[in-house]
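As structure tokens, the structure follows; a few thoughts come after it.
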Amino acid sequence: MTTIKLDNVTKIYDRNIIALNSINLDIKGGELCVVLGPSGAGKSTLLRIIAGLEHPTEGKVYFDNTDVTTTAPQERDIAMIFQHFALYPHMTVYQNLAFSLKVRKCPKPYIDTKVREVASYLGIAHLLRRRPRSLSGGEAQRVAIGKAIIRNPRVFLLDEPLANIDLPRKEEIKRLILKLHREKRYTMVYVTHNQDEGMSVAERLVIIKDGEIQQIGTPMDVYNAPANLFVAKFVGKPRINLFRGQIRGNVFETHRLRWVLPQEYPSCEAIIGIRPENVEVAPSGDWRVEDVEYEGRDVLLHLTNGQHTLRVRSTATRSYRVGDRLGVINRISKYAIFSPDTGRLITVYPKVQ
């Protein structure tokens, strides 16, 4: 199981465009590490530098403590899986799977055994005679994964692997990737802009924005204790509720809004963040229902009191309609407090273990 280390990696393109700025990242052997961020954050650049397809302007890349910064991609023993399936269109599925072993001049019986073994493992044995144009997106991505695992690489790099797959197949391929990681324990670096996808597959998340790492942690840590306002807003659906006001003792207050907190704090100006599932409503009050979204067992309410908007996720124990008047229970027991000056996290309650 190969470890990966990025030591102070910076990438600057022409005209001083900084794609990555002083990236320091240690990925454990056998870890599934998800790099998550919006478009243009530097995710794919980071992946390409790990792959050796690009070289950093500054900094070093290490595999198992060996400097591979200038090592050619083919000498790093990696496999890349892209959103575009990277299959040879003129070859059958069998030939696509066999190609890398054929290039290595492996014996034909060995190639045949490995192809059928991998095809069986991935559930594509019935597709071996078909060509890529006749495959669905999910089938094509299974073949692409097969091309990668057939040569047993040290490192798997996945760049938006679910992006071009129709919705019913996304879950299927995601479960396949998780199974592959669980059973083979490959070191995997998985890039995505989709926070639902990233949260559901990651052992550890690396949140990146404008070429800089914002936070590294488990999905639970990142969700419950976001390092700054960007992470708080980017991770979590529906979005976190954020209010700017004053904390005095155990009360947070702003115009037409008051929250009672379970502990006291020094008086200060602050931004409080409350996830929609941590807000409770009462049967009547001065909050108007602006929108209702039923989500099976749960319901998402969009409320306003004329000054503030509030998102509330609750169990759908009753029906709600636009225009209903509800109250909001002002005692909260789970929240994050941020600095209004820097946007950085000050504290969370309760503390993340």
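A short reminder: the numbers here are calculations on the coordinates, not readings from a lab. Quantities reported herein were computed from a predicted structural model and do not represent experimental measurements. Neighbour counts are summed over all protein chains in view; Cβ atoms, including those assigned to glycine, are modelled from backbone coordinates with ideal geometry.
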37 °C / 0.692 mPa s Stokes-Einstein diffusion coefficient of the chain, Kirkwood radius on C-alpha pairs, µm²/s: 143 µm²/s
Two-decimal Rg/Rh across the stretch 241-349, once Rg and the Kirkwood Rh are taken from alpha-carbon atoms: 0.99
Environment charge at A227 (Cβ cut-off 13 Å; Lys +1, Arg +1, Asp -1, Glu -1): +1
Value of Rg/Rh across the stretch 1-149 [Cα atoms, Kirkwood radius]: 1.04
Kirkwood Rh, angstrom, the stretch 148-195 [1 / mean 1/r, Cα pairs]: 11.6 Å
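Would you calculate, for the chain, the mean residue ellipticity at 222 nm contributed by helices, counting each DSSP H stretch of 4 or more residues as -39,500 (n - 2.57) and dividing by all residues, to the nearest 500? Mind dumping the intermediate values first?
On the way: 8 runs with 85 residues, N = 353.
After summing the helix terms and dividing by residue count, I get -7000 deg cm²/dmol.
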Kirkwood hydrodynamic radius of the stretch 78-184, Cα pairs, Å: 13.8 Å
With at most 16 neighbouring Cβ atoms within 10 Å, loop GluC sites (Glu not before Pro) (DSSP) excluded, longest segment of the chain: 1-202
Under-5 Å amide H pairs with L261, H placed in peptide plane, nonlocal only: V251, F252
Size of charge dipole - the chain - debye, nearest 20, with Cβ of Lys, Arg +1 and Asp, Glu -1, no other charges: 1120 debye
Local electrostatic count, H55, Cβ distance below 13 Å [Lys/Arg +1, Asp/Glu -1]: +1
For R204, net neighbour charge (Lys/Arg +1, Asp/Glu -1) across residues whose Cβ lies under 12 Å away: -3
